[in-house]
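Presented below is the structure to which this report refers.
Bear in mind these aren't lab numbers, they're just calculated from the coordinates by the rules spelled out. Because the structure is a prediction, the values reported are computed rather than measured. We place every Cβ from the backbone using ideal geometry, glycine too, and count neighbours over all the protein chains shown.
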There are 2 protein chains.
Amino acid sequence: MAKILIGIDFGGTNLKIGCFDEKLTLLIKDSIPAQINAGPAAVVEKIGELTARLVSLCGHSTYDIIAAGIGTPGVVDVENGVVLATSNIKFTNIPLRQMVRDRLNVPVILENDANVTCWAERVAGAGKGAREMALITLGTGIGGGVITNGELVRGFAGNGGEIGHIIIKQDGRLCGCGQRGCIEAYGSASATAARATEAIAAGGKSSLQKIIETNGQISCKDVYEHSAAGDELARQITDETAKSLATLCINLLHITGPRRIIFYGGMIEAGELLLEPIRKFFNEHIWKIRKESIELCFAALGAEAGIIGAAALASYEFKKGKII
Amino acid sequence: MAKILIGIDFGGTNLKIGCFDEKLTLLIKDSIPAQINAGPAAVVEKIGELTARLVSLCGHSTYDIIAAGIGTPGVVDVENGVVLATSNIKFTNIPLRQMVRDRLNVPVILENDANVTCWAERVAGAGKGAREMALITLGTGIGGGVITNGELVRGFAGNGGEIGHIIIKQDGRLCGCGQRGCIEAYGSASATAARATEAIAAGGKSSLQKIIETNGQISCKDVYEHSAAGDELARQITDETAKSLATLCINLLHITGPRRIIFYGGMIEAGELLLEPIRKFFNEHIWKIRKESIELCFAALGAEAGIIGAAALASYEFKKGKII
């Protein structure tokens, strides 16, 4: 009987699970509300039930499962399989890996969701074949993952890959984390909207004013739309977003030397309007002592990255004997 | 017969070679002028002669050599053993590994000198036992090495570990590399001296003025000495050096999550006068959402790090079957 892999994408809102064959072909998937307020034990029970149902629906038994991977928000102690802390979900020091292992009775790996997405893109997406890469998730905040020597960089005590909090402007804007000048305080969706709102409050003229009058606030999407439509203030704001992201790419290049840097998350819906100026500023501001061949591109996998990455990572770590 | 390892530290001025036993105990070492102007072939001949002499002096034959490691300045293609480019030595696209292998007839690894120093500190110095660490070399420029998952981060196409060129102040001071706002433009010995010189030229009052009148210029050492003696302008300059290095440490923490960051190079002679304010600014400016346990400390090995690291790396890569 063929064996299968389970990929679990545990988010604040939804719980997605996919069954894959050994070549990582998706056999079946489903998504249900995570209902995290019911607590970790209830979430684990949901994982157990949905997994059993999907495995059965694709003609398998749970005995066919090789291993399962779980992606979760927050800081994760991968070695011990513990969710240390999250900002959106109130899970603190939850031994989620052991709980899921006890429920499914298979080897399990627990990993931060951005790292899972990074691994998915490396295995089956825009980073395919790159032993050195980085993924930048652009949403309300900025997160990401880094791969060096073909391995995820987890860092000591769960540090590493917190690339939203790289300081690009000493003494700059205050970030939600308490630091000043983080890339997240300039290049994220919320920072882009906030900078536009501040510029207008300071007397800047912009077609975005109508949006404030109508909606009471500006979204990052609004800023990109008005920038595309030719509004000068919006254009200055999106240029600063791009310039700050280009600086982040320069810093990543000099530290870990990725072959590709891949953008992922809600903001990439802006398409070339986002990416083209990042490339332009990167080329303008990168050092001149050597020509760089790094590629800046978009992620390829979309919303399925979470389950693909979790299943792929489970397979990888199982083969290496790292999870049992 | 016991086997030995050879560590070669090839610098712009000197060529140092050490013979080590398999436990990396130094048996014998010597240093001779590198005379790089004579060209790569002459340097390789010197390496061959000095190695043969040292091996013989410690009662061995060249047949006892397990492997040899070479540390060199510049950008190195480790996989192919080629010195791609250096700023101080005019070696471009030199297949130094193959040349030394042909001369010594043993397996050879070629690596960038800062990476070699980083490896030395990891194996036998202040980074002992740390699977995640970074080394920052503080001299005329700023260089360094990064270790993640127990392996040196070499990056794609020899990038990676160029931590002097992390941008900490977008649109800041012009760096020699062509970028603006690099840490090297604030925290290096030359930048510290330059900022002091500029501050005095701009009308700042300082006891350093006498140094300019006497010597025509200020050194980084002068700035630290006058800062220690209570000169206010010198203190502001050394504080900015420390703050910029603290920002570099914060950025390294968030990207690769080192357990220890180790300072190395000429500037560390300033001792606690250098390190204490770096720690102070780090604690002031690091995020508040989690307490960090990272250690900032000095390198332990001194001038022998180059030969120790080269021999240790040769041993490590040979055991892994990476060099033959």
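If a helix is a whole DSSP H run, which ones in chain A reach 27 Å or further along their own axis (Cα) and hold a mean Kyte-Doolittle hydropathy of at least -0.5?
Values: long enough: A:232-256 (36 Å, 0.31).
The qualifying helices are A:232-256.
Nearest 20 debye, what's the magnitude of the dipole of the protein assembly as shown about its Cα centre given +1 on Lys and Arg Cβ and -1 on Asp and Glu Cβ?
Values: 66 positive and 68 negative charges, 132 e Å.
Rounded to the nearest 20 debye, it is 640 debye.
Please state the charge dipole magnitude for chain B, taken about the Cα centre, from unit charges on C-beta atoms (+1 on K and R, -1 on D and E), reported in debye and rounded to the nearest 20. Walk me through the numbers on the way to the answer.
Working: 33 positive and 34 negative charges, 121 e Å.
With Lys and Arg at +1 and Asp and Glu at -1, about 580 debye.
Between segment A:223-281 and segment B:170-225, how many Å separate their Cα centres?
34
For segment A:30-96, which trypsin sites (Lys or Arg not before Pro) are in a loop by DSSP, counting at most 14 other Cβ atoms within 10 Å? Numbers along the way, then the final one.
On the way: sites: A:LYS46, A:ARG53, A:LYS90; in loops: A:LYS90.
For trypsin sites (Lys or Arg not before Pro) across segment A:30-96 that sit outside H, G, I, E and B with at most 14 neighbouring Cβ atoms in 10 Å, the list reads A:LYS90.
Please state the shape class of the protein assembly as shown: rounded when a/c is under 1.5, otherwise prolate if a/b exceeds b/c and oblate if not, all from the C-alpha gyration tensor. All intermediate terms of the calculation are to be shown ahead of the outcome.
Values: a/c = 2.08, a/b = 1.25, b/c = 1.66.
Taking the square roots of the gyration eigenvalues as a ≥ b ≥ c, the protein assembly as shown is oblate.
How many nanometers, to one decimal and shortest first, lie between the label point of A:ARG279 and those of its other copies, if labels sit 7 Å from Cα toward Cβ?
For A:ARG279, the inter-copy label distances come out at 4.8 nm.
So how far apart, in nm, are the two label points at A:ASP21 and B:GLU151 if each is 7 Å from Cα heading toward Cβ?
Calculated label separation equals 3.0 nm.
Between copies, how close do the A:GLY59 label points come, placed 7 Å along Cα→Cβ, listed in nm from shortest?
Once sorted, the set of distances for A:GLY59 reads 7.2 nm.
Could you work out the relative contact order of chain B? I mean the mean sequence separation of Cα pairs under 8 Å and 6+ apart, divided by the number of residues, in percent. Let's see the in-between values first.
Values: 659 pairs, mean separation 64.6, N = 324.
20 percent.
If neighbour count is taken as other Cβ atoms inside 10 Å, put A:THR137, B:THR197 in order from fewest to most.
Working: A:THR137 24, B:THR197 17.
Starting with the residue having the fewest Cβ neighbours, the order is B:THR197, A:THR137.
For segment A:287-305 and segment B:89-122, write down the distance between their C-alpha centroids in whole Å.
30
Every other copy gets compared here: list the nm distances from the B:ASN215 label point (7 Å along Cα to Cβ) to its counterparts, shortest first, one decimal.
6.0
Can you compute 3J(HN,Hα) from phi for each residue in segment A:132-140, using the Karplus curve 6.51 cos²θ - 1.76 cosθ + 1.60 with θ = phi - 60°, rounded to whole Hz and x for Gly and Pro?
10, 7, 9, 10, 10, 8, 10, x, 3
Under a point spin-label approximation (7 Å from Cα along Cα-to-Cβ), what is the A:ARG131-A:SER56 distance to one decimal in nm?
For the pair A:ARG131/A:SER56, the computed spacing is 4.6 nm.
Only sites in a loop by DSSP and with at most 14 other Cβ atoms within 10 Å count here; which trypsin sites (Lys or Arg not before Pro) in segment B:95-142 make the cut?
Details: sites: B:ARG97, B:ARG101, B:ARG103, B:ARG122, B:LYS128, B:ARG131; in loops: B:LYS128, B:ARG131.
Qualifying residues, ordered by number: B:LYS128.
Amide H of B:PHE263 versus every other amide H placed in the peptide plane: which residues, excluding those fewer than 5 positions away on the same chain, fall under 5 Å?
Answer set, sorted by chain and number: B:ILE136, B:CYS297, B:PHE298, B:ALA299.
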